[in-house]
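Reading through the structure tokens given below for one structure.
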Amino acid sequence: MVEEHRKMEKDLLDEETLFIVSQTFKALADPTRIKILHLLFDQEYSVNQIADKLNLRQSNVSHQLRFLKNLRLVKFRREGTTIYYSQDDEHVMNVLEQTIKHAQHH
């Protein structure tokens, strides 16, 4: 009975956690953000490099990176006037990688 009660307590999530989880899945529900995260999986890129590689407008890439940065899914570093972005959450990147593998599995 005590173990059952503990499991129920564990299953309850606070509002902040629920919000973060839902926003993370929202981030992963957008094809452009998936492309950006996939590109950043192993290497950092500048906004212009991301835009060029993914054939996107720089303003769209910047907008999406801002969304991802606010969720702490990407991080950045400045080198002179150029800002380089890279992935910042191995857990989410693993979920993305597994989901891609699932989608490609026949």
List pairs: first in region 44-64 and touching a residue at least 24 places away in the same chain (Cβ under 8 Å), second loosely packed, with under 13 Cβ neighbours inside 10 Å, Cβ under 6 Å, 6+ apart or cross-chain?
Ser46/Thr82
With region 45-106 as the region, which helices (runs of 4 or more DSSP H) entirely inside it contain at least 2 residues that are under 13 Å from Leu28 (Cα atoms) and among the acidic types (Asp, Glu)?
none
For region 12-38, name all the residues that are assigned to a loop (DSSP other than H, G, I, E, B) and either free of Cβ contacts under 8 Å to residues at least 24 places away in the same chain or exposed (fewer than 14 other Cβ atoms within 10 Å of the Cβ) (or both).
Leu12, Leu13, Asp14, Ala29
Number of positions in region 78-96 that are of a type in the set (S, T, N, Q) and surrounded by 15 or more Cβ atoms within 10 Å (Cβ to Cβ):
1
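Coordinate-derived values only; no laboratory data. A quick note: this is a predicted structure, and the numbers were derived from the prediction, not measured. Every residue, glycine as well, gets a Cβ built from its backbone with ideal geometry; the counts of neighbours run over all protein chains shown.
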